[in-house]
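Structure, as structure tokens:
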Amino acid sequence: TSVSAGSLVDVGVKTSRSVWAAGGNVQLSGTAVNNALLCGGTLNADKTSQVGTDLIAFGGQFNLAGSVGRQVRGGVGVLTMSGKAGRVDIASDETSIGAQAEIGGDLVIRGDKAPVIEAGAKIAGEQKYISESQTKKSRGANVSIFTILMFLASLLVGFILIALSPRFARRITDTLFCRPWLSLGIGFAILVGGPVAAVILLVIMVGIPLSVFGFFTYVVLLYLSSIFIGLAAGEKIIRLFKKEGGISPYAALALGTTVLFLVGLVPWIGFAVKMLVVVFGMGMLAVGITG
């Protein structure tokens, strides 16, 4: 697998199993036996590029002149295609399918404008255009399902963490109770400064390994923040009714996470609560782990 990142990325591999590339300007040539993932401002897959299965693109301008064995998908601002693909299903605000383009299956475009298809372009399957209003309705249903799945996944991960290391869970929760303002300050610093530091390390090239590690750590803290805040919130709620005796961490997690999930669905208030959860959660994790 070829992994590249930078302001200007030229992926000219002869043969690689998969290609992952991100940058301001990404140029792909050569062969990716399996998949290719391209992210950036301007993405170019030139005439010599060959992707065995799927090409996934997220960016501003995407020019596809090469060959994709199975499917092109993702989301871009402008798609210009003159190459070949088994199928195209992509979100694009502006789409131009050139006369030399060949699509072996369906062409599905989701965006503001219908695609412009030049005479001579070969499209074997159906041509579908899904307007932005239809896309938003579809996204709304998907977000609801996704949110529910994420809620259930958080519960499962939380139960596993408690079962594997109850002392660790206890230490993290106590950090919030004992040092809430330190958790808030550290969490805010991580939330704002983390991405900035990762980008700086990415730009200077020599810091790419640290940038990747930092980004991974940032995502982990972001995900775990809601779980441990749910645990702490559930414990506080139960303690309002149960003044004495121990509290099951599993019951506390289930209750707290459910309450946060329901509050998160309320417009405006939900967003504010989610931000507080992220800030306090990342801070309590950072302080609890290092302290």
| Based on DSSP, what percent of beta bridges with both residues in the chain are antiparallel, to the nearest 5? | 0
| Leu262-Val157 FRET efficiency (beta carbon distance; Förster radius 22 Å; 0.05 resolution) | 0.70
| remark: Ranked by GNM mean-square fluctuation in the chain (Cα springs under 10 Å), the top entry among Leu222, Leu28, Leu265 is Leu265
| note | Nearest 10, in degrees from 0 to 90: the angle of helix 180-203 to the longest Cα principal axis of the chain is 20
| said: For Tyr129, project a label point 7 Å along Cα to C-beta. Then give me every residue of region 87-109 with its amide nitrogen under 19 Å of that point. | reply: 88-103, 106-109
| request: Would you mind checking the tilt of helix 208-241 against the longest principal axis of the Cα atoms of the chain, expressed as 0 to 90 degrees and rounded to 10? | output: 40
| note | With a Förster distance of 45 angstrom and the Cβ-Cβ distance between Thr15 and Phe188, calculated FRET efficiency to the nearest 0.05 equals 0.45
| said: How far apart, in nanometres, would the label points at Thr48 and Ile200 be if each is projected 7 angstrom from Cα along the Cα-to-Cβ direction? | reply: 3.8
| Tell me, what is the per residue accessible area of the chain in Å², probe radius 1.4 Å? | 54
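Taking all protein chains as present, what is the carbon and sulfur share of the accessible area of region 187-291, in % to the nearest whole number, probe 1.4 Å?
On the way: 5000 of 6030 Å².
Its accessible area is 83 percent carbon and sulfur atoms.
Can you pull the Kirkwood radius for the chain, inverse mean 1/r over Cα pairs, to one decimal in Å?
Numbers: mean 1/r = 0.0459 Å⁻¹.
The Cα-based Kirkwood calculation yields 21.8 Å.
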| For the chain, with only Lys/Arg (+1) and Asp/Glu (-1) charged at the beta-carbon, what is the dipole magnitude about the Cα centre, in debye rounded to 20? | 860
| request: Please give the helix 269-290 orientation as an angle from the longest Cα principal axis of the chain, in degrees from 0 to 90, rounded to the nearest 10. | output: 70
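Any chance you could run the full-extension gain for Thr217 through Arg170? It's 0.36 nm times the residue separation minus the Cα-Cα distance, nm to one decimal. Before the final figure, lay out the partial values.
Values: separation 47, 0.36 × 47 = 16.92 nm, distance 2.09 nm.
Taking Thr217 through Arg170 to full extension adds about 14.8 nm, to one decimal.
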| query | Over the chain, what is the relative contact order in whole percent, taking alpha-carbon pairs under 8 Å and six or more residues apart? | reply | 10
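The values are calculated or read from the model by the stated rules, or taken from the named source; none is laboratory data. Given the structure is predicted, the values throughout are model-derived calculations rather than measurements. Glycine gets a Cβ as well: all are built from the backbone with ideal geometry, and neighbour counts include every protein chain shown. SASA here: full protein model, heavy atoms, side chains in, ligands and nucleic acids out. Shrake-Rupley method; radii C 1.70, N 1.55, O 1.52, S 1.80 Å.
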